[in-house]
Structures are given as C-alpha cells and as structure tokens.
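Working notes, beginning with the structure itself.
The values are calculated or read from the model by the stated rules, or taken from the named source; none is laboratory data. On a predicted model such as this, the values are computed, not experimentally measured, just so you know. No Cβ is skipped: glycine too gets one built from the backbone with ideal geometry, and neighbour counts run over all protein chains shown. Just so you know, the surface numbers come from the protein's heavy atoms only, side chains and all, with ligands and any DNA or RNA stripped out. Shrake-Rupley method; radii C 1.70, N 1.55, O 1.52, S 1.80 Å.
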Amino acid sequence: MSSSLAKTFRGLVIILSLGLLAGCLGNRNWEYPPSSTGAFLNTKAKMPLSAKAVVLPFEDLRGKDMKEEYWKASIPLVRYGETAYDRPEEAVHPEEVDVVNFDPPNDFAKAAVAELQEAGLFSSVAFAENDKAAPADLVFRGRLQSTEWKRRLDTYFLGPIGVVFWFLGAPMGETETAVELDLRLTPASDPSKVLWSMAMEYEGEKYDSPYYNLEDAVQSYPGALQEALRPAIIDLVQLVDEDPERLNPGN
C-alpha cells in the first residue's frame, strides 16, 4: 500500500476522531493500585514476620520487537491493522491512544512493595535500588519476562469507510495486555539461597471505541499486574501464617 494512501487514511481517522477522543484518553501515567479497583489485594497475614524485606528493581528480560501496521486496516477487504510492542513505553511514534507512560522494572517492583506492605507480611518492606542500599534480612528479586501490548484496529473490511461504524457504536479496536514475571525471595546474606519463588502471568483483553475504554491503555497494566501478583501474595500470606520458619533467613 502506498504511503500516500496510508496518510490519507490516518488523516481521515484523526479528523473524525478529534472531537470525541480529546476527552476520552484520560491520564496516561502509571497509577497503583489500579484505578479500576481503587484498592489493594484483600488478603492479610495474621501476624508479620519479624524481618525486614526489600524489593529490588526487576531484571528486564523483555524482548524488543515492535510492529506498527494500523495502515493495513485502510485496505478494503482487509479487516484489521495491528500494532504490537514488547516494550510499549519505548514506542517511538505511537498513536495517541497507544501511549503508555511507565517504567515497568521500577514501577512493578514498587507495586509489589505496596501489596506486600498491605498484606502485613514483614515488619517492614521497602523498595531499594540495590541490595546494598538499605539494611534488610530478606530480598525479593524479580525478572520481568513480558509486557506485550497488542491492539487491532477494525474497519470491518471497508477500509477508510469502516471508520463510520466506530461512531455508530461498533468497536474500534481490541487490546491485549500481557504481564509475565517471576519473583524469588532470598536471604540478604545469600542471594543464591531461594526461600520462596513463583512465576506469574496474566493476559487481559478489552474492546474499545470512541465512547469507552480508550483510557485503558496504561491503566490496563496496573490491573494486569495486580492479577498476576494475586497468587503470589496469597501464597506468601499462607506461608507466613502456617509455616513461617520456611521464610526464616537464618535457616
């Protein structure tokens, strides 16, 4: 497809969308807990361990693939154009609806701190830039495997004419948000000794239109992360309540 046709399609979409989208995109910055729930996970230990814990920035193992092919939706008889980012916060020229402002290795680690604090698992939990930055008995170390972002733009096989259906209430696109990570807990004195570990993943899907869900580009990640962390927090609470010696850094 020629670049001129792609530009014509993009221009048409922008002209038709400006009035409706201006007030729909909302805050594009990271917030935790998720605005969708406004709350942390509702699970608490009966009594905290008498140990200080820190959470380090997550090791970033995500890929770097990027695909920007919304223009394919401008071709009649082709229904979808798709954009996909392994690292959505690093997209160079994203459409405004796809802008995500966050720093996953640090923001996700700080969210884990907040959930651990709320669960009352340890005498204290803090975020630390490195394992020497704050005195601690226990250290959480995480690896971030995926924050894959996919969004399909739907023009119903009609190319630019299909845009009309968006403003009649039909979905404009579908977004998939994936979060995959793992956490392990080690004594501060021995990073090689794993006291607890868990792999977590969550994938969510949402349809959007000029009338709903366009604000969810960034806010889908706090929700996805909270759901990914849920089994880990529940498991840690159970351990602290039933087998606290397993998490004793002196063992």
Exercise. Which of the helices in the chain meet the span-like rule: DSSP H, Cα axial reach of 24 Å or more, Kyte-Doolittle mean at least 0.5?
Worked result: 3-21
For this session: Among Leu185, Leu144, Tyr207, flag the residue with its Cα farthest along the positive direction of the charge dipole of segment 121-251, charges on Cβ as +1 for Lys/Arg and -1 for Asp/Glu.
Result: Leu144
Exercise. Which value at 222 nm does the chain reach when only helices count, each DSSP H run of 4 or more adding -39,500 (n - 2.57), with the total divided by all residues and rounded to the nearest 500 deg cm²/dmol?
Worked result: -9000 deg cm²/dmol
Exercise. What number, in percent, do you get for the relative contact order of the chain if the mean sequence gap of Cα pairs under 8 Å and at least 6 apart is divided by its residue count?
Worked result: 26
Problem set entry | Sum of side-chain charges, Arg230 neighbourhood, beta-carbon under 12 Å (Lys, Arg +1; Asp, Glu -1) | -4
Seminar exercise, completed: For the chain, dividing by residue count, accessible area per residue (probe 1.4 Å) in Å² works out to 49
Seminar exercise, completed: So the FRET efficiency between Tyr211 and Glu31, C-beta based with R0 = 35 Å and rounded to 0.05, is 0.95
Problem set entry | lysines whose Cα lies under 17 Å from that of Lys67, excluding same-chain neighbours fewer than 8 positions away | Lys150
Exercise. Of the heavy-atom accessible surface of segment 114-251 (probe 1.4 angstrom), what whole percent is carbon and sulfur?
Worked result: 50
Problem set entry | Links that overshoot a 23 Å alpha carbon limit, given the list Lys110/Lys132; Lys52/Lys132; Lys44/Lys193; Lys72/Lys206; Lys44/Lys110; Lys132/Lys193 | Lys44/Lys193
